[in-house]
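Colleague: Sharing a structure, written as structure tokens. Questions coming.
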Amino acid sequence: MKIALINESSCLSKNAVILRELEQVVKPLGHQVFNYGMSEEDKDYNISYVELDGDACKNPEAFEAVIRCMKENGIGYGSVNHPVDRDPICGYTGVIDDVCPRCGRREGEAVPVEKLRELRKQFPGMPRFIGLE
């Protein structure tokens, strides 16, 4: 197996130690380790993370601009982190602004049992609550 070690610049001082320990464990098992992390010799930091505070689908042009910027500036490893919410009542997974797009619930609000039954018919994979159904 080929194993890539990828550390960002904040781990610069630990990269050599992590690489050495990883190689000691996996090389005897026949695996290869490739160091793509930061090293003291490599001051060309090419790992970048971008944090989004909202739904990238609402502005695909901006999202694409971020990706193109990474490519054009030689980012070897780029990651875009974005929020993913999960409604604990209906099980919807995605970006939830103020109101869940599936059940219409706001955070902290209860959902009537009748509404849960209606939603369960539409979305059979919803979480089940003991004693409510």
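Values in this text are rule-based calculations from the coordinates and carry no lab data. Note that the structure is a prediction, hence the values are computed from the model and not measured. Neighbour counts run over all protein chains shown; Cβ positions are idealised from the backbone, glycine included.
Colleague: Against the 2.2 N^0.38 Å scaling, with N counting residues, where does the chain land? I'd like the Cα-based Rg ratio to two decimal places.
Modeller: Working: Rg = 22.6 Å, N = 133, 2.2 N^0.38 = 14.1 Å.
Normalised by 2.2 N^0.38 Å, the Cα Rg of the chain equals 1.60.
Colleague: List the lysines whose Cα sits under 30 Å from the Cα of LYS58, skipping any in the same chain fewer than 8 residues away.
Modeller: List returned: LYS71, LYS115, LYS121.
Colleague: Additional query: Can you tell me the orientation of helix 113-122 relative to the chain, as the angle in degrees between its alpha-carbon axis and the longest Cα principal axis, to the nearest 10?
Modeller: That works out to roughly 60 degrees.
Colleague: Starting from the amide H of ILE3, placed 1.01 Å from N in the peptide plane, find each other amide H under 5 Å away whose residue is 5 or more places distant or on another chain.
Modeller: Under 5 Å from the amide H of ILE3: GLN32, VAL33, PHE34.
Colleague: Same structure, new question: Per 0.36 nm of contour for each residue apart, how much would the distance between LEU22 and VAL113 grow if the chain were fully extended, relative to their Cα-Cα spacing?
Modeller: Using 0.36 nm per residue and subtracting the Cα-Cα distance, I get 27.5 nm.
Colleague: Here's another thing I want to ask about it. What nm value, rounded to one decimal, do you get for the distance between TYR77 and GLU8 when each label is placed 7 Å out toward the C-beta?
Modeller: Between TYR77 and GLU8, the label points sit 1.1 nm apart.
Colleague: Using a simple spin-label model with points 7 Å from Cα along the Cα→Cβ vector, what separation in nm is obtained for HIS31 and TYR49?
Modeller: Result for the modelled spin labels: 2.2 nm.
Colleague: If you don't mind, another one. Which whole-angstrom value gives the distance between the alpha carbon centres of region 103-118 and region 5-20?
Modeller: Taking the Cα centre of each part, region 103-118 and region 5-20 sit 47 Å apart.
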